[in-house]
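Asker: The structure follows.
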Amino acid sequence: MAKSGTTTQGLRAAIERSGYYPALVAEAVEAAVGGEPISSYLVHQETTFDSNEVRRHVTVLVLTGNRFIVSHTDEQAADAGSPSPYATTSTESVKLSSISSVVLSRVVANPESYTPGQLPREVVLTIGWGAVSRIDLEPAACGDQNCDADHGYTGNSTADDLSLRVSEAGDGPETVRQALLFAQALSEATAATSGPAR
């Protein structure tokens, strides 16, 4: 389930509609937002299966005039450290000028018959701001097939702070549409903070 919009009341209502510890989630998000006006938000609740357990997670993304706020809450079963089930919630506030990438991947069925405005089957929104990077390395090689020299390694470093996937089959078409709207708002906001291209 995902909801998108532009008001504090709308954000609170979307969190409550998710049904996932709304008082806890709303308090954490509202404390992080403070008194700033909200430009856009996205609430995404996801259920995952971990061995023989069903786990729920909720991610709330909020865009203000100066910041991108991400909140994640998930539940844990009772364990040796806690005799009762518990939930963990965290929020991170990122200056818009710190966001280095906003990547939106779209999966489209039957691309030969695609028409503009058609909803993708699923979207993956990946946002990077330098807190987490992934490095993929592989042995470097030269063009000589007979060469057995050590050429070191080559690879890519990818900002991968947050990745959020929504699909039409799992979340519904409205959720996909809302994720697209939030991604567009965030892209526009980060472009505005970086100034004109040189």
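For (1) at pLDDT 90 or above; (2) surrounded by fewer than 10 Cβ atoms within 10 Å (Cβ to Cβ), each residue gets a yes or a no:
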{"site": "Pro120", "(1), (2)": "yes, no"}
{"site": "Arg134", "(1), (2)": "no, no"}
{"site": "Glu138", "(1), (2)": "no, yes"}
{"site": "Ala141", "(1), (2)": "no, no"}
{"site": "Asn146", "(1), (2)": "no, yes"}
{"site": "His151", "(1), (2)": "no, no"}
{"site": "Asp160", "(1), (2)": "no, no"}
{"site": "Glu168", "(1), (2)": "yes, no"}
{"site": "Leu186", "(1), (2)": "yes, no"}
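Asker: Within region 10-30, is there a residue that is part of a loop (DSSP other than H, G, I, E, B), farther than 16 Å from Arg165 by Cα and hydrophobic (A, V, I, L, M, F, W, C)?
Answerer: So far as region 10-30 goes, no, none of its residues is part of a loop (DSSP other than H, G, I, E, B), farther than 16 Å from Arg165 by Cα and hydrophobic (A, V, I, L, M, F, W, C).
Asker: Does Ser90 satisfy the condition of being open to solvent by 60 Å² or more (accessible area, probe 1.4 Å), within 20 Å of the chain's Cα centre (by Cα) and not acidic (Asp, Glu)?
Answerer: yes
Asker: Could you run through region 31-55 and say how many residues are touching a residue at least 40 places away in the same chain (Cβ under 8 Å) and assigned to a strand (DSSP E or B)?
Answerer: 7
Asker: Could you run through region 94-112 and say how many residues are more than 19 Å from Leu186 (Cβ to Cβ) and open to solvent by 70 Å² or more (accessible area, probe 1.4 Å)?
Answerer: Number satisfying all stated conditions: 3.
Asker: Between a first residue in region 57-77 that is within 16 Å of Glu27 (Cα to Cα) and in contact (Cβ under 8 Å) with a residue 24 or more places away in the chain and a second residue that is open to solvent by less than 10 Å² (accessible area, probe 1.4 Å) and in a loop (DSSP other than H, G, I, E, B), which pairs have beta carbons less than 6 Å apart while being 6 or more apart in sequence or on different chains?
Answerer: From residues that are within 16 Å of Glu27 (Cα to Cα) and in contact (Cβ under 8 Å) with a residue 24 or more places away in the chain, the pairs are Val58/Tyr20.
Asker: Go through region 15-30 and give me each residue that's free of Cβ contacts under 8 Å to residues at least 40 places away in the same chain and open to solvent by less than 10 Å² (accessible area, probe 1.4 Å).
Answerer: Correct list: Ala26 only.
Asker: List pairs: first in region 84-113 and polar (S, T, N, Q), second surrounded by fewer than 15 Cβ atoms within 10 Å (Cβ to Cβ), Cβ under 8 Å, 6+ apart or cross-chain?
Answerer: These pairs meet every condition: Ser84/Ala78; Thr88/Gln76; Thr91/Ala31; Ser97/Thr193; Ser97/Ser194; Ser98/Gly130; Ser100/Gly130.
The values are calculated or read from the model by the stated rules, or taken from the named source; none is laboratory data. Just so it is clear, the structure is predicted and the values come from calculations on it, not from any experiment. Note: ideal-geometry Cβ built from the backbone for every residue, glycine included; neighbour counts use all protein chains shown. Quick note on the areas: whole protein, heavy atoms, side chains included, nothing else; ligands and nucleic acids left out. Shrake-Rupley method; radii C 1.70, N 1.55, O 1.52, S 1.80 Å.
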